[in-house]
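Heads up: the structure comes next, in structure tokens.
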Amino acid sequence: MNAITEAKVRTFLQNWLHYRPVQCNTIVRVIRDLARPAGHEIDDRFAGAGLGAGPERAVASTLIDKAIGGGGCSTADYEIRMHCEKWLRENFNY
């Protein structure tokens with residue numbers, strides 16, 4: 001686990017998508033659960049995995065890449081927002 005990268009992802013979600021901290025924790029937990037079967041953690045290696053990890057994991061990978069200040073990516077911002085909303089609908093506990 002790379003705590004610095006996770007903190008950057010949380011900050012990115014709060015500033016860019018305007019999620020509450022509790023929602024950010026849920027999204028980070030989902031990303032962590034997506035990264036583990038691909039053999040990664042939330043770090044710069046998973047940020048570069050892209051489509052090599054799978055379609056839903058590519059969105060998580062792109063989100064991490066944007067959070068750590070990475071370059072361009074092939075996933076649209078709209079798709080990232082829609083997946084975050086889906087993850088929150090499926091996993092968020094009030």
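Screening ILE42 on (1) without any contact (Cβ under 8 Å) to a residue 40 or more places away in the chain; (2) in contact with an Asp or Glu (Cβ under 6 Å, 6 or more places away or on another chain); (3) β-branched (Val, Ile, Thr) shows it passes everything except condition (1). Picking from residues in the stretch 38-56 that are more than 15 Å from VAL9 (Cα to Cα) and at pLDDT 80 or above, the one that is nearest to the chain's Cα centre (by Cα) is GLU56. Between THR11, THR75, THR26, the distinction of being surrounded by 15 or more Cβ atoms within 10 Å (Cβ to Cβ), assigned to a helix (DSSP H, G or I) and among the polar types (S, T, N, Q) belongs to THR26 only. Restricting the first member to the stretch 64-80 and to residues that are at pLDDT 80 or above, and the second to residues that are of a type in the set (D, E, K, R), the beta-carbon pairs closer than 6 Å and six or more apart or on different chains are ALA67/LYS8; ILE68/LYS8. Scanning the stretch 1-39 for residues that are touching a residue at least 60 places away in the same chain (Cβ under 8 Å) and among the aromatic types (Phe, Trp, Tyr) yields a count of 1.
Being surrounded by 17 or more Cβ atoms within 10 Å (Cβ to Cβ) and among the charged types (D, E, K, R) holds for only one residue in GLU6, GLU56, GLU41, GLU90, and it is GLU6.
The values are calculated or read from the model by the stated rules, or taken from the named source; none is laboratory data. Please read all numbers here as calculations on a predicted model, not as lab measurements. FYI the Cβ positions are ideal-geometry reconstructions off the backbone, even for glycines, and counts take in every protein chain you see.
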